[in-house]
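Notes follow once the structure below has been shown.
The values are calculated or read from the model by the stated rules, or taken from the named source; none is laboratory data. Worth saying up front: this structure is predicted, and the values here are computed from it rather than measured. No Cβ is skipped: glycine too gets one built from the backbone with ideal geometry, and neighbour counts run over all protein chains shown. To get the accessible areas, we keep the full protein, side chains included, count just its heavy atoms, and leave off ligands, DNA and RNA. Shrake-Rupley method; radii C 1.70, N 1.55, O 1.52, S 1.80 Å.
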Amino acid sequence: VSTQSTGLPGFSKTDQDKAGGVVRFTRGGKVMTFYYPKEDSKQPSRRAGHSATVLPLLNQFVLFGGEDEIEQLNDLHLFSLQTLTWKKTKGEGEAPSPRAYHTAVLYNEKIIVFFGGQVGGKSLNDVFYLNTGDSHFSWLKPQIKNEIASLIPDPRHGHSAVVDQHQMIIFGGRKDREEYYNDLFSFDLASFTWSKLSPKGTGPEPRAFHSMTLYSNNLYVFGGHSATSTFNDIFTFNLETSTWTKLWTHGALPSPRFSHAAFLLDETHMLIFGGCTHSTQFNDSYILNMSSRSWSTPDLQPADPKKPELRKVCKHSGISHNYKDFILSLIHISEPTRLRRISYAVFC
């Protein structure tokens, strides 16, 4: 997302010059405590638009790609959820080309499936698997079985993806710098075949940089932006009936935003954190009770009174794991003419 400004709105000069690091959140009841562990000299270079995927069997998460001030990237980094340290790694075989604003989802606890993204202003629609179950990571580019244009998603970035059983579901996104989408596709992760879904009901307007969370056989789509609007609406898509429903909620509704994080805190609550508009960045949090459809704001408290500030973040991604606490890593880029802020969040 670009903005023609002389600075990064909502960020102080000190914020813009920070390289970032890791922020760890711990949840206890209605209180969420955050603190900043010691920064690791081996952490990835500053970037935006990367992905982060938790590997529960290895107690780590994988960071892939993104872009820095010069170019798109396709490097791999591991973060240990035990030692809170980084390690650079690579996979054997043909790796994806450099890219940013792609999706990465976990399948069968050990395979990360990558789709789409953007490189050099052009959107992508290729699929790659990263097998993390062996002693060495290995890449695989699956051979798509049904290469029929109407069944395969157009190239896109800023879309969303989830895994439901043996299928990866793709929603929305943006092609190059032009078209926005509100379509749904399913990719069979075993047979390597695409299919386009034909939903019932009235779904979300075309959008990108929204969030999509899977809960109780429903996809929850929140926020995002189009060419003319920034959203704070929420829709559900029922996977059994293939039906869209606009969810009417009450309470402390988040303001319109995109590039926020959304993930499950437990079996009934979803957290929204941060995000931005084209002029403002956020460091606020909202919790949606998906049973009562009510929003509330958690009590965020610093563990270290000497570091009370929670940085504003945008273009971050959330990955749930074990419903205990989560880590939020902030990797900032300082460039006057581009709005680039990224973080990623995982439960551990």
Run L124 past the list (1) more than 24 Å from F192 (Cα to Cα); (2) assigned to a strand (DSSP E or B) and report the number of the one that doesn't hold.
(1)
Within the stretch 223-236, the residues that are farther than 15 Å from G173 by Cα and open to solvent by less than 10 Å² (accessible area, probe 1.4 Å) are I234
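Got a sec? Which strands (runs of 3 or more DSSP E) wholly within the stretch 266-348 have at least 1 residues that are modelled with pLDDT under 55 and closer than 29 Å to L55 by Cβ?
Here the list reads 316-319, 325-332, 341-347.
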From the options R99, R47, residue that is among the basic types (K, R), at pLDDT below 90 and crowded, with 19+ Cβ neighbours inside 10 Å
R47
If you scan the stretch 190-222, which residues turn out to be charged (D, E, K, R) and surrounded by 20 or more Cβ atoms within 10 Å (Cβ to Cβ)?
R207
Contact list please: Cβ distance under 8 Å, first residue in the stretch 197-212 and closer than 25 Å to I272 by Cα and polar (S, T, N, Q), second residue in a loop (DSSP other than H, G, I, E, B) and at pLDDT 95 or above, pairs at least six apart or on different chains.
S211/G223; S211/G224
State whether the residues of the stretch 82-94 include one that is modelled with pLDDT of 80 or more, open to solvent by 30 Å² or more (accessible area, probe 1.4 Å) and within 29 Å of H225 (Cα to Cα).
no
List, please: which pairs have Cβ atoms under 7 Å, are six or more places apart or on different chains, and start with a residue in the stretch 67-95 that is of a type in the set (F, W, Y) and end with one that is open to solvent by 70 Å² or more (accessible area, probe 1.4 Å) and not in a strand (DSSP E or B)?
W86/K42
Output for the stretch 66-88, where each listed residue is acidic (D, E) and part of a loop (DSSP other than H, G, I, E, B):
D68, E69, E71
In the stretch 234-255, what residues are within 26 Å of T297 (Cβ to Cβ), touching a Leu at 6+ places or on another chain (Cβ under 8 Å) and in contact (Cβ under 8 Å) with a residue 24 or more places away in the chain?
I234, F235, T249
Tell me the residue from T236, T241 that is hydroxyl-bearing (S, T, Y) and assigned to a loop (DSSP other than H, G, I, E, B), please.
T241
